[in-house]
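Taking it in order: structure first as structure tokens, then the write-up.
The values are calculated or read from the model by the stated rules, or taken from the named source; none is laboratory data. What you see is a predicted model; the values in this text were computed from it and never measured. Methodologically, a virtual Cβ is constructed for each residue, glycine included, from the backbone with ideal geometry; neighbour enumeration extends over all protein chains shown. Note: areas computed on protein heavy atoms with side chains; ligands, DNA, RNA excluded. Shrake-Rupley method; radii C 1.70, N 1.55, O 1.52, S 1.80 Å.
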Amino acid sequence: MSTVLRFSFNEAGSKDEVEGDIALAIFTAECVYGRPRVRMEARYVVDDDGATCVLGVDGEAGEAAARVFTGLTAARVGERSFSVRRLQEPDEA
């Protein structure tokens, strides 16, 4: 089952900073699960202004990347400077 996580930042940062955190989170997950599995289980898009990021996750590898990204984000901007909403994606047949 797919899950979509929407990260909203109280103050827009730069798209490059957000993508840098995502790249590090994905690399970290790849160290544990391998690149092919992470490529299949994690995907993302960042708004041009860096105010919103959406992660799509499937399975343990995708969840790991999302958790690392959440930790990196909290360290960079602070726990109160962003919010995360978890939405279920309809299953694709």
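Remarks
- Candidate set from the range 58-71 (those that are at pLDDT 95 or above and either among the aliphatic types (A, V, I, L, M) or in a loop (DSSP other than H, G, I, E, B) (or both)); member that is most open to solvent (accessible area, probe 1.4 Å): Val68
- A Cβ distance below 7 Å, combined with a sequence gap of six or more or placement on separate chains, defines the contacts here; from the range 48-70, residues that are hydroxyl-bearing (Ser, Thr, Tyr) reach residues that are open to solvent by 10 Å² or more (accessible area, probe 1.4 Å) in the pairs Thr52/Arg6; Thr52/Ser8; Thr70/Val84.
- Of the residues making up the range 72-87, those that are out of contact with any strand residue (DSSP E or B) (no Cβ under 9 Å at 6 or more places or on another chain) and open to solvent by 40 Å² or more (accessible area, probe 1.4 Å) are Leu72, Ala75, Arg76, Glu79, Arg80.
- Among the residues of the range 1-55, those identified as of a type in the set (Gly, Ala, Ser), crowded, with 16+ Cβ neighbours inside 10 Å and modelled with pLDDT under 95 are Ser2, Gly13, Gly50, Ala51.
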